[in-house]
Amino acid sequence: MSGGAKQGLLAGIAGFLAGASIGYFYRPPAFLVGQLPFRTVISRGADLKGFDQLLIPAARSSFNYVLFGGILGAALAVLAGRLLLKGGPKRRG
């Protein structure tokens, strides 16, 4: 893997983690409960039993926020990395 590809991959991973974190903190609250815990969000409510199953739509919506934030963060980080690499010093070889 070339240096540019490795940097792009690392930028994408860092952007995904940053975007997913932002998506997690801005996820919508569930009715009368507030924001759901991380485990419930990541499992999309699969671990909910009994009466708590009413929170499954909120868990799925929260998961979508995390996923969308991660994808958007990765795309923006890779794009920024490419723009910064293009504008950097020219290599002679």
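The values are calculated or read from the model by the stated rules, or taken from the named source; none is laboratory data. Because the structure is a prediction, the values reported are computed rather than measured. So basically every Cβ, Gly included, is an ideal-geometry build from the backbone, and we count neighbours across all protein chains shown. What goes into the accessible areas is simple: the full protein's heavy atoms, side chains included, and nothing from ligands, DNA or RNA. Shrake-Rupley method; radii C 1.70, N 1.55, O 1.52, S 1.80 Å.
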ask   = What's the angle, to the nearest 10 degrees (0 to 90), between helix 3-25's Cα axis and the longest principal axis of the chain?
value = 30
inquiry  = Once neighbouring chains are kept in place and the probe is 1.4 Å, which whole percent of the accessible area of the chain is contributed by carbon and sulfur?
reply    = 68
key: Max mean-square fluctuation residue, GNM over the chain, Cα-Cα springs under 10 Å, options 34, 15, 81   = 34
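Kindly report the accessible area of the chain per residue (heavy atoms of protein chains, probe 1.4 Å, no ligands, DNA or RNA), in Å².
75
Excluding residue 14 itself, calculate the net charge of residues whose Cβ lies under 15 Å from the Cβ of residue 14, where each Lys or Arg counts +1 and each Asp or Glu counts -1.
Working: positive: 6, 82; negative: none.
Around residue 14, the charge tally is +2.
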remark   = Amide H contacts under 5 Å for residue 30, restricted to residues at least 5 apart in sequence or on another chain and with H modeled in the peptide plane, are 35, 36
query = Efficiency by 1/(1 + (r/R0)^6): what FRET value for residue 9 and residue 38, r their Cβ-Cβ distance, R0 = 30 Å, to the nearest 0.05?
reply = 0.75
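For the chain, which semi-axes, largest first and in whole Å, follow from the square roots of 5 times the eigenvalues of its Cα gyration tensor?
Details: eigenvalues 298, 26, 10 Å².
For the chain, the semi-axes come out at 39, 11, 7 Å.
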remark   = Under the Karplus relation with 6.51, -1.76 and 1.60 and θ = phi - 60°, whole-Hz ³J(HN,Hα) for segment 46-52, x at Gly and Pro, equal 5, 8, 7, 10, x, 5, 5
key: Cα→Cβ-extended label distance, 7 Å offset, between residue 79 and residue 26, nm   = 1.5
ask   = Which of 32, 48, 83 moves most in a GNM of the chain, Cα contacts under 10 Å?
value = 32
